[in-house]
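To start, the structure under review is shown below, and the notes come after it.
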Amino acid sequence: MQKERTTTYKVVCYTLLLIGLYLIETATGLSNVRLFGVRLDLLFSVPAAVALMEDPAVGAAIGLFTGILYDVSGAGVEGLLPLYFMVFAALAGGISGRYLRRIWPSHLLLTAGGMLILHGLQFMFAAIIGTGYPVIPFLKSMYGEILAAVVLSPIIYLPVYKMARRFDRMK
């Protein structure tokens, strides 16, 4: 009983963190801020951090909610981002539980890999439907966003790590 209650509290805390970051990005205009021509995106790191700290089911739930928030903000095609983030976080949770440690470089690897796969899929789908991007500007934007997410990842990793440690001690 205590374990289920602790897991519920963790999911609620992770969700509140995700909602807070979403509100900071959308309400304050952070989504319009560009650093060296690159859009700053903090939300992508949350499902990677949660998947690293928790099991695949919790990661998938937070990933699904992250995708829904992206869709609410109009960042992608409706329905595809929740599916992508849910699958990504579930796979990342499975991989991290077996092969990775709960440390910051693992979080960087998951964040960068997930963003690389997402942007690659977007580029591939754009090429399939015939609205392809020019390759060089797309790559510049993609690698810039990945670099910005990696640089800003401690802002996400540290609170998620602290929450996971605190709730793990409660069990």
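Observations on the structure shown:
- When the charge dipole of the chain is built from unit charges on Cβ atoms (+1 for Lys and Arg, -1 for Asp and Glu) and taken about the Cα centre, the candidate among TYR84, LEU110, SER141 whose Cα reaches farthest toward its positive end is LEU110.
- Net length gained if the chain between LEU83 and LYS140 were fully extended (0.36 nm per residue, minus Cα distance): 17.9 nm
- Kyte-Doolittle mean at least 0.5 and Cα axial length at least 27 Å: DSSP H helices in the chain: 80-99, 104-129
- About its Cα centre, the chain has a charge dipole of approximately 720 debye under the convention of +1 per Lys or Arg Cβ and -1 per Asp or Glu Cβ, with nothing else charged.
- In this rough spin-label picture, where each label sits 7 Å from Cα along the Cβ direction, the VAL151-LEU116 distance is 2.0 nm.
- Mean Cβ neighbour count within 10 Å, used as a protection proxy, ranking 115-128, 51-64 highest first: 51-64, 115-128
- Stretched out straight at 0.36 nm per residue, the stretch from THR8 to ILE24 would grow longer than its current Cα-Cα span by 3.3 nm.
- Options (1) 9, 28, 21, 17, 13, 8, 3, 1; (2) 9, 29, 25, 15, 11, 8, 4, 1, 0; (3) 10, 38, 36, 12, 3, 0 - which one matches P(r) over Cα pairs in 10 Å bins from 0, in percent as calculated here: (3)
- Estimated dipole of segment 92-168 in Debye, rounded to 20 [Cβ of Lys and Arg +1, of Asp and Glu -1, Cα centre]: 380
- Using the rule -39500 (n - 2.57) for each DSSP H run of four or more residues, divided by the residues of the chain, the 222 nm mean residue ellipticity is -26500 deg cm²/dmol.
- Share of carbon and sulfur in the accessible area of segment 38-171 stands at 72%, probe radius 1.4 Å.
- Among ILE24, ILE129, ILE95, the residue with the largest mean-square fluctuation in a Gaussian network model of the chain, with springs joining Cα atoms closer than 10 Å, is ILE129.
- Å² of accessible area per residue within the chain, as computed with a 1.4 Å probe and no ligands counted: 55
The values are calculated or read from the model by the stated rules, or taken from the named source; none is laboratory data. Predicted model only: the values in this text are computed from it and were never measured. Here the Cβ is made from the backbone with ideal geometry for all residues, glycine too, and neighbour counts use every protein chain on show. Heavy atoms of the whole protein, side chains included, go into the accessibility calculation; ligands, DNA and RNA do not. Shrake-Rupley method; radii C 1.70, N 1.55, O 1.52, S 1.80 Å.
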